[in-house]
1. Only one of THR139, THR157, THR116 is among the β-branched types (Val, Ile, Thr) and touching a Leu at 6+ places or on another chain (Cβ under 7 Å). Can you tell me which?
2. Which one is farthest from ARG96 (Cα to Cα) among residues in the range 215-241 that are in contact (Cβ under 8 Å) with a residue 12 or more places away in the chain and hydroxyl-bearing (Ser, Thr, Tyr)?
3. Does the range 1-38 hold any residues that are in a helix (DSSP H, G or I) and among the basic types (Lys, Arg), and which are they?
4. Give LEU112, LEU105, LEU89 a once-over and let me know the one that is out of contact with any helix residue (DSSP H, G or I) (no Cβ under 7 Å at 6 or more places or on another chain), buried (at least 20 other Cβ atoms within 10 Å of the Cβ), modelled with pLDDT of 85 or more and in a loop (DSSP other than H, G, I, E, B).
5. Here are the criteria: (1) among the hydroxyl-bearing types (Ser, Thr, Tyr); (2) in a loop (DSSP other than H, G, I, E, B); (3) at pLDDT 90 or above. Tell me which single one THR139 does not satisfy.
6. Please identify the pairs in which a residue from the range 36-47 that is more than 13 Å from ALA59 (Cα to Cα) has its Cβ atom under 9 Å from the Cβ atom of a residue that is of a type outside the set (A, V, I, L, M, F, W, C) and loosely packed, with under 11 Cβ neighbours inside 10 Å, counting only partners at least 6 apart or on another chain.
7. Considering only residues of the range 12-46 that are closer than 16 Å to ASP118 by Cα and small (Gly, Ala, Ser), which is surrounded by the fewest Cβ atoms within 10 Å (Cβ to Cβ)?
Amino acid sequence: MKKIRLQVALAKAGIESRRKAAELIASGRVKINGRVIRQKGARVDCSGDIITFDGRPVAIGEEKAYYVLNKPVSTLSTVRDDRGRKTVLDYAKKIRSRVYPVGRLDKDTTGLIVLTNDGELTYRLTHPKFGIERVYVATVAGELSERDAARLKKGITLDGRTARAKRITINKKADGFTELSVSICEGRKREIRKMLDAVGHSVLKLKRIAYGPLRLGDLKEGKSRALTLSETRRLKRSVGL
């Protein structure tokens, strides 16, 4: 596709008029392929470049697409990696629409990640003010006690802010480890791991099994599927769309 001026692309996406879009670019709120672009005359390939505005993917004339992927271990939750490491999009090559991961799971965490080109939905699913619940299954070293669980639900101070679990269920205990289900509503970087470390239990394995109303179910690791119409509607309603 022929390259067009960035402010024209933003106008086509309904972000702002061309004049206002130029102001947004100058203020540093627009990125191309992860890099802030401030040049007024910058040009962009809408079929190949990834444009974001205030962190939200910008889809230009594309039909909205909604998928869920079961992220494998050692996979990055990014669109691309300069060091050639595998990303979630390496497992989504059969998806014909250009989609982007919603939020992130750290490299060693597996499980449910949403892929979409709906910028407004992405913004709402990841912004803390919408309080979207994420549910994980964690296997930790040692026997996590009810007292530890209560501390996590009351709140742990991490990096100067309080992190707390909405719910915790101890699923089973065996020799030297505990499996538990834990839900949080913010999802800061490595939050679950840091919380469990704070009560003396290092995480051996971590998997996200739910994101808002979505459930991973029996989707195999490394596989993706389109959301049903009902799932898409429930997901949008969960954030007020």
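The values are calculated or read from the model by the stated rules, or taken from the named source; none is laboratory data. Treat the numbers as computed from the prediction; the structure is a model and nothing was measured. Cβ sites come from the backbone with ideal geometry, for glycine too, and all protein chains shown count toward neighbours.
1. THR139
2. Only one residue fits best here, namely SER238.
3. Result: LYS12, ARG18, ARG19, LYS20.
4. Every option except LEU105 fails the conditions.
5. Among (1) among the hydroxyl-bearing types (Ser, Thr, Tyr); (2) in a loop (DSSP other than H, G, I, E, B); (3) at pLDDT 90 or above, the lone unmet condition for THR139 is (2).
6. From the range 36-47, the pairs are VAL36/GLY28; ILE37/GLY28; ARG38/SER27; ARG38/GLY28.
7. Here the residue is GLY14.
Results for (1) assigned to a helix (DSSP H, G or I); (2) more than 17 Å from LEU112 (Cα to Cα), shown as yes or no for each residue.
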{"position": "LEU152", "(1), (2)": "yes, yes"}
{"position": "ALA165", "(1), (2)": "no, yes"}
{"position": "VAL182", "(1), (2)": "no, no"}
{"position": "ARG188", "(1), (2)": "no, no"}
{"position": "ILE192", "(1), (2)": "yes, no"}
{"position": "LEU196", "(1), (2)": "yes, yes"}
{"position": "GLY217", "(1), (2)": "no, no"}
